Structure formats: structure tokens, C-alpha cells
């Protein structure tokens, strides 16, 4: 296979005591006998001699043998496996005894320096192994994250077949495990279409509230001071507690067309028969508002548009308005405002649009 | 092979041209043109709020008004071929309200006599 004399044979010839790493030699020996079917009689003899010289050699060879067996069972086929991998794998088996020949060996050369060196190597290997496991664990446990930028909307198909539509400036973390599907709504608004899986509940964490669905559609709108949950289809159970680990009390069930508002004092009593087209209007970038304070409607526009609108009049902000609008058309909305008697709209370089109402026109006390 | 490729190319181009055309036309649509476009509308008689929302849904127009204006007002139904303006005239008849096209895609409901603020 190689032009150079294999290590285990060279070692034989040099008649030196284990000048090279025994594992390395064992690996090369293994390579000679497993990789090629036509090992020469002299190679067989050399191998036989090498094996007889020390139980350590036998142990090393058995280790390599076992490693290769493991590698093969993982469908890594020889000779595609480079010798380095083989050696590395064999070394990582150091901490697992294969035979106990070593203890019984009277000829073993084992100076304290050597023992110390081996301990150090073992420690280094253990540390490396630990680090590797830690990294693998971290990668496995760290959630998948999906987010949208300002004014952006996005549909995400999750691994289980569930769909999530993310509204503007939103972020979710997804973590799927054997018996559980965890979603954390970090910020913003999301519409969940949960793929049915009775053995893997679909839990959405939002602040202190957990929403559990088995197969359903529901919308979660998370704002600075409140979260609104609306069920479109199926059933969602709601748990609210101080922490995720807290045992949760009786869980109110939310059914289709139910909406519940959760603020700092916890979930309110659910509303029934909510108009669902208003709840999902955002997926068509539409704003549907019914007798809502103008200030709140302005905030809706500000969620989607970089040029913010500031209404500098409490009276005007509390004025209730109704309408159907495209979220990305604040210009028409400003056109409506500027047609209200006494209302002035001016563009401020930094702040966006400032809407003011003349004092003389302020009708509210 | 080549013909199929060209065909695909041609389809792509015609799509592009159509989109451009639609975009240009959309940009040019004036209030008057919106006024002239007839739509098949089916809006049942109901509260004016619901009727206006339905009009917005069926016509794709934006609708906005101060909520106090429509309180307690019922609307007759509209069914057939109407422009948005014609439909609004029918729906607002006798309510003391009128409408104003803010632009080609937005209609504001207002008092028949003056401003948008409820009196």
C-alpha cells in the first residue's frame, strides 16, 4: 500500500523498545492485513513476531480491530478511512479496556515518566472528548431561530410539517425533541398552523404563558405590555405561571373564535365569537380596525413602516376610527388625517411624520 | 429544444411586460378612473360598518372614517354591477353621510355637510 516500511515492521528491525506509538503500529498492521488480501509470508511472520513481543501490542491491535468494527458498522468503509482517522479513533478508545493483559505482563516497561506522560495524554483526550460532546450537545440543544426584519413577513415550514407565518419584526425559537415541540415567541406576532401529532404536543412559550396545541391554528400577537392569543381552528390550552417549571393550575381551554388577552396581571377572561378575518388580516398586510383609538391604529402603521407617525394630540389619539387599510400605505392614512379640519401633518426629518391638531380645533375637554 | 427554450423566454418576457403594464396602469389610475370601473358587488343589507368592510373586501379599496359617524346606521344591500362610487351612493343614501376619494385606492366616509370629525 505504501512504499515505506510499515512502522510495526520497522520497529521490529530496529530492535528498539516501542519507539513509536503502539497504537499507530497496530493500526498499520491492521491496514496490512485487512486492507490488502495478499499480505506476504514475511509480513505475516513480522506481524506474528510483533504481536508476541508485548501484550501491549496485542491490546493495541484488538483496540484497532474493535475500532474498525465500529467504524464499519457506521458504514465508513475501509479503505476510504484514512489512517489518521483510524489512529484517532483507536486512541479515543484508550479509556475502555479491551483486555487486561497489561496488568499480568511481567516484561512491561513502564517508567514513572512514561506513566505520567500517558496520564497527561489521557487527560488531554478526556478533555477533548468532553469538549466535543459539549459542542455537540450545544448544537443539538440550541434552538433554530427564525426572524423577520422590520416590515417583513415570512412563512416558515417546520420539520414536523407545521407552518408558522411571522409578522413584521418578529422572532421565534424552535426546538423539537422526541416527545415535545417547543416554540418560543421571542417578539412580535406569529400565526401557527400546527401539524397534528398527539404524542408530541406543540408548546408555544410567550412570556409567562404556555400555549399547548395538538393540531390547530392560532395567532399570537406579543406587544410590549400585552399578548393576545386568538384560536382560529381546534383547541389550545393555556397555562400561565411564574416560571416554566412551575406546576400549572387548571388550564383554560380556548376554542375556535376565542381570544384571550394576557397582560402583567395574567390572562383575562376569554372573548368569544371574535371575527377571525380581522385577526388574520395581517397575513395579507391588511389592517382591519373597528372603533379603535387613532393612537393604536397609528402604532399598527408604525409596526410596518420605517417613517413613523407621531400624533402629538391626546384628543386626536383617543378619537375612535374604523377602517380597512393596507399596512404599507401610511401615505393614504396621512392623507385622511390631513383632511380633518384643524389637523396638520408635517414631515420631520428624523421622527417621520408629526400630526398636530390646532388648539382652536381641539374638541375634547 | 431551442424552440422550447425560446418559448419559455417569450413567456417570461410577456409576463414581465404585462406586470410593467399593470404597474403603469395602476400608477396612472386616477380618482375618475376608479369611478368608472364597474365591479360585481354582492353586499347584503346590514349595519353600515359591516357593509363598508364588505365593500372594502370586495373592491380592494381602503376605507376609513371616524367610528362615531356610522353608529346605529343600517345600510341597504348592493347587488350587481357598480362602480365604488355608485355603490357608496346607494349604501349611504339617507344616512346624512357622504364619501370622498382621497386617492385611487382610498375612500373616506364623512358627514354630508363638512369635516370628518363627529359632531
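The values are calculated or read from the model by the stated rules, or taken from the named source; none is laboratory data. Owing to the predicted nature of the structure, the values given are computational and were not obtained by experimental measurement. In this analysis, Cβ positions are derived from the backbone assuming ideal geometry, glycine residues included, and neighbour counts consider all displayed protein chains.
Can you list the helices (runs of 4 or more DSSP H) lying wholly within chain B that have 1 or more residues being surrounded by fewer than 16 Cβ atoms within 10 Å (Cβ to Cβ) and at pLDDT below 95? Let's see the steps before the verdict.
Details: elements: B:2-28, B:31-36, B:48-59, B:84-92.
The qualifying helices (runs of 4 or more DSSP H) are B:2-28, B:31-36, B:84-92.
Please give the strands (runs of 3 or more DSSP E) falling wholly within the stretch A:259-352 in which 1 or more residues are more than 11 Å from every other protein chain (Cβ to nearest Cβ), under 30 Å from residue A:217 (Cβ atoms) and out of contact with any helix residue (DSSP H, G or I) (no Cβ under 9 Å at 6 or more places or on another chain).
Result: A:259-263.
Of all the residues that make up the stretch A:232-258, how many are surrounded by fewer than 18 Cβ atoms within 10 Å (Cβ to Cβ), part of a loop (DSSP other than H, G, I, E, B) and at pLDDT 85 or above?
First pass over the stretch A:232-258, keeping only residues surrounded by fewer than 18 Cβ atoms within 10 Å (Cβ to Cβ): A:233-235, A:237, A:241-253, A:255, A:257.
Cutting the leftovers down to part of a loop (DSSP other than H, G, I, E, B) gives us A:234, A:241-252, A:257.
From what is left, the residues that are at pLDDT 85 or above are A:234, A:257.
Residues flagged as surrounded by fewer than 18 Cβ atoms within 10 Å (Cβ to Cβ), part of a loop (DSSP other than H, G, I, E, B) and at pLDDT 85 or above within the stretch A:232-258 amount to 2.
So which of A:152, A:189 is within 19 Å of residue A:283 (Cα to Cα) and out of contact with any helix residue (DSSP H, G or I) (no Cβ under 8 Å at 6 or more places or on another chain)? Write out each step before concluding.
Values: A:189 fails: out of contact with any helix residue (DSSP H, G or I) (no Cβ under 8 Å at 6 or more places or on another chain).
It is A:152.
Give me the strands (runs of 3 or more DSSP E) completely within the stretch A:127-178, filtered to those with at least 3 residues that are free of Cβ contacts under 8 Å to residues at least 24 places away in the same chain and closer than 16 Å to residue A:191 by Cα, ordered by residue number. Outline the logic, then answer.
Details: elements: A:144-147, A:154-157, A:163-166, A:171-177.
In the stretch A:127-178, the matching strands (runs of 3 or more DSSP E) lie at A:154-157.
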